[in-house]
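Chemist: The structure's right below; bear with me while I get my questions together.
Each value in this text was obtained by applying a stated rule to the coordinates, not by laboratory testing. Fair warning: this is a prediction, and the values are worked out from it, not measured in the lab. Cβ atoms come from the backbone with ideal geometry, glycine included; neighbour counts cover every protein chain shown.
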Amino acid sequence: MIPVANVLDAFLKRTETFRWRTALAAAVLGSSVLVGSTASATGSAFISSVSASPPPSGAAQLCRQYSWACAHKASVTMSSSQELRLVKEINNRVNRSTREVTDQRQYKTREFWALPTSLGGDCEDFALLKKRDLIKAGIDPRKLLLATVLDSRRNAHAVLVYRSSQGDLVLDNLTNRIKPWNATRYLFLRMQDPNQPRNWVGVYGRS
């Protein structure tokens, strides 16, 4: 029997856009996807990766566009409490100061990953801005991982995962509340590889 994750990966490679890929993932994988809920069968505080995965289509040139988005070296050392204070501060600031604008409106395309403009940005743009500002503040970029999910309404969505010492926390433009990944009720599909952020890993199944 072919593993469900392999079937999904084949479908993901054939679809053209991030939104179509994530919608298809929900249909193909169903209950085998890692569900972000407190009842998650994994019970893990950290998101587990399954295998290497291509990046979302809109993020294919992300490392060339923004070298910091794929950085993997820390500039300073700080305590867990200092990091968490910065994470909360920057998450709230970006959510408060950035307007939601679709890629279709700004760029006339379905998916384009970029920092917010003066008009604003969509979910992945919020996540990018938070990652940039947190790296500037001194947080280890390997702890700041872009991720794609299906939200609680099963819409394609992107978030920033902060890999704290206690577990993975989710920074989300839909809420100022920073939650553990397994309390979001999201379906996590893929994220940056914490060991090499220019690569992406599938997190949609179990090994």
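Chemist: Within 9 Å, Cβ to Cβ, of Ile47, how many net charges do the neighbouring residues add up to if Lys/Arg are +1 and Asp/Glu are -1?
Modeler: That works out to 0.
Chemist: Which shape class applies to segment 110-189: rounded if a/c is under 1.5, otherwise prolate when a/b exceeds b/c and oblate if not, where a ≥ b ≥ c are the square roots of the Cα gyration tensor eigenvalues?
Modeler: Oblate.
Chemist: Give, in nm to one decimal, the length gained when the segment between Arg198 and Ser48 is fully stretched (0.36 nm per residue of separation minus the Cα-Cα distance).
Modeler: Once the chain is fully extended between Arg198 and Ser48, it gains 52.2 nm.
Chemist: For the pair Trp68 and Ser81, how long in nm is the line joining their label points, each one 7 Å along Cα→Cβ?
Modeler: Distance between label points: 2.7 nm.
Chemist: Okay, next question. If we count other beta carbons within 10 Å of each Cβ, what is the order of Ile178, Ile90, fewest first?
Modeler: Lowest to highest Cβ neighbour count: Ile178, Ile90.
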